[in-house]
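We did not get these values from a lab; they are worked out from the coordinates using the rules stated. It should be emphasised that the depicted structure is a prediction, and the values quoted were computed from it without experimental measurement. Don't worry about glycine lacking a Cβ; one is built from the backbone with ideal geometry, like all the others, and counts go over all protein chains shown.
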Amino acid sequence: MDKKPTSPKCPSCGVAGIEHFVSKESTSRSRYREPWFFVIYCDQCGHVYNVIAKHVFAQTATRVVLPNENVE
């Protein structure tokens, strides 16, 4: 059997095609002006498919403070 690829379809309005899946950055921003998340929605009716986190906290190394043995 030959499987035909299918286009995504909006469950609300029925429009089909990947070109109707659009994303928009959140208006809330991190201190570095990065958006907190993206909203994926239908450009025809506004149905929200998903919300994806964008802002990720960077890992920082743990600072270890050792006593100085050469204290005079």
For Tyr49, distant residues with modelled amide H under 5 Å away
Ile40, Tyr41, Cys42
Can you pull the one-decimal nm distance between simple spin-label points at Val48 and Lys24, each 7 Å off the Cα toward Cβ?
1.1 nm
I need the phi-derived Karplus couplings for segment 22-27: 6.51 cos²θ - 1.76 cosθ + 1.60, θ = phi - 60°, integer Hz, Gly and Pro marked x.
10, 10, 9, 6, 5, 7
